[in-house]
Amino acid sequence: MTAYLVIQLARFGDLVQTKRLVLSLCAEPDSEVHLCLDESLAPLARLLYPSVQVHPVVAHGTALARLSAGEQARLLLEKNVPAFRELAAIPFTRVYNLNFSPLNYRLAALFEPSLVRGHVWQSGQETVGQWSRLAMRWSSMRRLGLNIADFWAWHHPSPVPAAEVNPPAQGRGKGLGVVMAGRESRRSLPPKVLAGLVTGLLDLRPELQKGGCLTLLGSAAEVHAARQLVRELPTRHARLVRNLCGATDWSGLVETVGELDLVLTPDTGTMHLAAHLGVPVLATFLSSAWCFETGPYGLGHLALQANLECAPCLESQACPSQAGGQVACLSPFAAPGLLRYLSTQETSHLPPGLTVFASDTDGLGLTFTALAGPDTQADLREHFRTFLSEHLGAGQGEPSAVLHELAERLYTERDWLVPDLESSASRLNGFSSEIDDNLSIAAC
Amino acid sequence: MPERKGARVRILVVLPLYGGSLPIGRYCTAALRQLGHLVEVFEAPDFYPTYKALKGLKVGTDRLQYLENSYLQVVSQAVLAKVETFEPDLVLAQAQAPLSIQALKRLKRDGVTTAMWFVEDFRLFTYWKGFAPYYDCFAVIQREEIFEELQAIGVQNALYLPLAAHPEVHKPLELSVAEQRKFGSDVSFMGAGYANRRVAFRELIRHDFKLWGTEWEGDSVLEPYVQMDGARVSSEDCVKIFNATRVNINLHSSVQAKDLVTGGDFINPRTFEIAACRAFQLVDRRSLMPGAFSEDELATFGSMEELQDKIAHYLANAEERTAIAQRGQARVLGEHTYAARMQTLLDFVAERLPGWPMARATVQAAEGLPPELAGDIAALLDRLALPAGTSFEDLVWAIRQQQGKLGELDTAVLFLDEWRKLYDKKGGQQA
């Protein structure tokens, strides 16, 4: 039995996006896969990954932050010490520590550094492997991007094919689901804009009303926004509303989403859940959201991507082109041309500032193809994906000046001079643990 | 264990790349820990092999100097990074510690208190003039003249801090017969072959004499007496030599051979170390000696004639040797340990720098925990040799200093620390 541990301490969406790595590990012969995550997500993890052993810890804590220091210490230590003890007792062959977070680094202290991929703790020093360092560099070229699920999956030498991760999207008969907001409010459409889109979709695609309901999804924090949306909707649609914001547990959410025909959503955990279940997604990506990084995984999904020159931006920075208190890239979502485009598929109707992308897969992972609107970076992205494929041993491209430039930009002296366990050579050699000494031809 | 006076503080000891002040830096580190302070060490010797490798390049002088300076700047930056993470109350630099002026300016700008213990002869190692003004406190092993010079260049906080012994290392030993045979003799000297010693020791070879240490090459008279082919002697073996020798000669070094017994001012570390071993020594008189030892605690000499006479006398009088050695040891253990020196230094810093150390908002490591968890934390503190009242922040650092993979409680404490930082930043409130 080969035991693997995946440490995923981030949020709902990240947990779902860990799927390709988890499946790749599960696909190994005689493997036993463990997942360490925040306790709030443990029930969901058991639903998503029934064959995986779940190890909940206390990592998130917005609610706990209001407690006294002593109470916090008691709570975290009482829960985490036994959980850490249990983890330390399992003879893992490999630990995939996914998040660039101080919590992940500290948790890695439980394990021999040579076993850990991603974010490593070496006798008090945080270190990061070559694959993650490379990702930090390409993150400055966000318009190109690699889907985060693929980034995590490629910690594995040969992840399962992208097309096999999620079922192809297919409607399930219970109409339209609308996700009210994600964690980052600027990425979400305000109720008024959202109401226009919902109305248009329901009118244009009557089959979405066949289920007899319009399902609103979100946390309890979105109850107010859901009411606002209902107020903005015409009565014929408002009467269909089933407002489930804050009303579902994880299994309820999985069940509800799994019955829908289409999910209209910003970049949210529920979007990834829909993709996981094979429910078609129509995603609205604006502000800091970029579909090539975190778009819905699998075939049969669409992303309406804001494509202003400044996109994708940083959520933490004020929008310099803000108008009426709203980010500049919001306006195309409110333009009448969008609905016209959705009804006719006629490219000329698509408002400027938007590109419609359809999900697709290649040898590297998830990608998107522009159906309408510009994709100015398509050629460069293709080269970037070739570069990464070559780096990962997942494909070979024709030599070109652009590839050469990418190599010069993305590789640094550190990669070249001091190759580590995550370097491309080590990867191609199957992550042999004796790689440091035996890597080069000269040493063979 | 010596008792700590004042607050428990965080100290970053910056060791030199190599050299005589390196073991002293290590003794200071151990002493500060004994005093109950949280000490982190900048291991500059780890960087020395690379520095030396540059010298093997066989390139032009200008190029080599450029590379050496650049490398030392990198090492200096590494010290700054350590300071940034550890947030010490005091950076204690040993002589030759790799801190550039640029780095010292940065520390001053950031309000980090710095001190140097300059355990060198200021007349020989004159570079102190360029660096001393950038330290908040500057401790020296000499008096008067250097104090005036320090004041002249703007150093207000100068401290006389003589060398010392570290009783955990410098102590009486029960030697085996083989060790006694290897390390023992009637008369010996342990140290480097300075010019005055080379001449002086020619007069000692009529005794059962052994010469230990380095830099004795090329002296045909003394070479037959040099032990271990003139190899560097470890601190452990030095202590064995002191213990095994009837009369340890301790002649302070001089680069000139005109006056063999120079009558200089500072007291070398060997004086304290031999005494701490309850071993007998004949040491040349120094002007600063009366403040450290009384006449019956050390046997001294002022000339080579006196040395010869006293060697003969004390070789013949074992009881006198023992009595003096016992008194000398008592004085060292009472006053001249590195723990005592570090306490003096910290008292001085606190006296001269109002508001030092700055108060930290601290929570005790076990505060607010239920009995079982508090017991686990107490056991962890015990394992890490930390006192019961240790703050949570200091516990985190002590855990971080451990090597290899950690246990579940250690990891959970590190995790808790980062969790607090994360959620404090996000506006969480802590009582």
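Every number in this text was worked out from the coordinates using simple rules, so none of it is lab data. Bear in mind the structure is a predicted one, so any value in this text is a computation, not a measurement. No Cβ is skipped: glycine too gets one built from the backbone with ideal geometry, and neighbour counts run over all protein chains shown.
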Expressed in nanometres to one decimal, the distance between label points 7 Å along Cα→Cβ at A:GLN377 and B:LEU124 is 6.4 nm
The range A:2-160: antiparallel bridges as % of DSSP beta bridges, rounded to 5, reads 15 percent
The aspartates and glutamates whose Cα lies under 14 Å from the Cα of B:LYS171, excluding any fewer than 8 residues away in the same chain, are B:GLU236, B:ASP237, B:GLU273
Rounded to the nearest 10, the angle in degrees between the Cα long axis of helix B:21-34 and the longest principal axis of the Cα atoms of chain B comes to 50 degrees
Expected sort for A:MET141, B:MET289 with the fewest Cβ neighbours (10 Å cutoff) up front is A:MET141, B:MET289
Fewest to most Cβ atoms within 10 Å: B:TYR51, B:TYR225 sort as B:TYR51, B:TYR225
Of the DSSP H helices in chain A, the ones reaching 24 Å or more along their long axis in Cα terms and averaging at least -0.5 in Kyte-Doolittle hydropathy are A:69-88
Around B:PRO370 (Cβ within 9 Å, Cβ-to-Cβ, excluding B:PRO370; K/R +1, D/E -1) the net charge comes to -1
Taking chain A and counting helices only, DSSP H stretches of n ≥ 4 at -39,500 (n - 2.57) each over all residues, the nearest-500 ellipticity at 222 nm comes to -10000 deg cm²/dmol
Debye calc, one equal point scatterer per Cα of the range B:56-188, no solvent, log10 I(q)/I(0) at q = 0.10 1/Å comes to -0.51
Within 10 Å of the Cβ of an average residue in A:108-115, the count of other chain Cβ atoms is 4
Assertion target for B:ARG246, B:ARG383, ordered by fewest C-beta neighbours within 10 angstrom first, is B:ARG383, B:ARG246
Binned at 10 Å starting from 0, the alpha-carbon pair-distance distribution of the range B:177-335 in whole percents comes out as 11, 43, 38, 7, 0
Taking a crude spin-label model, label points 7 Å out from Cα along the C-beta direction, the A:LEU403 to B:SER220 distance in nm is 7.4 nm
Largest-first semi-axes in Å of the equivalent ellipsoid built from the Cα gyration tensor of the range B:331-397 are 31, 18, 7
Taking every C-alpha to C-alpha distance in the protein assembly as shown and binning by 20 Å from 0, the per-bin percentages run 12, 33, 29, 17, 7, 1
Going residue by residue through the range B:119-129, the Karplus relation 6.51 cos²θ - 1.76 cosθ + 1.60 with θ = phi - 60° gives ³J(HN,Hα) values, rounded to whole Hz and with x marking Gly or Pro, of 8, 10, 6, 5, 6, 8, 9, 6, 5, 4, 5
The alpha-carbon pair-distance distribution computed for the range A:14-153, with 5 angstrom bins and whole-percent values, is 2, 9, 16, 20, 22, 16, 10, 4, 1, 0
Note to self: C-alpha centroids of the range A:218-269 and the range A:53-108 sit apart, in Å, by 32 Å
Residues meeting the amide H criterion for A:SER158 (H placed from the backbone, H to H distance under 5 Å, 5 or more places apart or on another chain) are none
Per DSSP, the loop-located trypsin sites (Lys or Arg not before Pro) within the range A:229-275 having at most 11 other beta carbons within 10 Å are A:ARG239
Rounded to the angstrom and largest first, Cα extents along the principal axes for chain A equal 72, 58, 42
Looking only at lysines whose Cα falls under 18 Å of A:LYS174's and that sit 8 or more positions away or on another chain, we get A:LYS210
Here the Cα Rg-to-2.2 N^0.38 Å ratio for the range A:338-418 is 1.46
The long-range amide H neighbours of B:SER185, using H built 1.01 Å from N in the peptide plane and a cut-off of under 5 Å, are B:THR245, B:ARG246
Taking 0.36 nm per residue of separation between B:ARG202 and B:SER303 and subtracting their Cα-Cα distance, the length gained on full extension comes to 34.9 nm
Among the Cα-Cα pairs of chain B, the proportion with separation greater than 42 Å, in percent, is 23 percent
Nearest-0.05 FRET efficiency for B:ARG383 and B:ASP347 at R0 = 41 Å, using Cβ-Cβ distance, is 0.85
Checked against a 20 Å limit on the C-alpha separation, the offending pairs among B:LYS5/B:LYS105; B:LYS210/B:LYS258; B:LYS82/B:LYS105; B:LYS182/B:LYS210; B:LYS182/B:LYS240 are B:LYS5/B:LYS105; B:LYS210/B:LYS258
On the formula 1/(1 + (r/R0)^6), with r taken between the Cβ atoms of A:LEU204 and A:GLN317 and R0 of 30 Å, the FRET efficiency rounded to 0.05 is 0.25
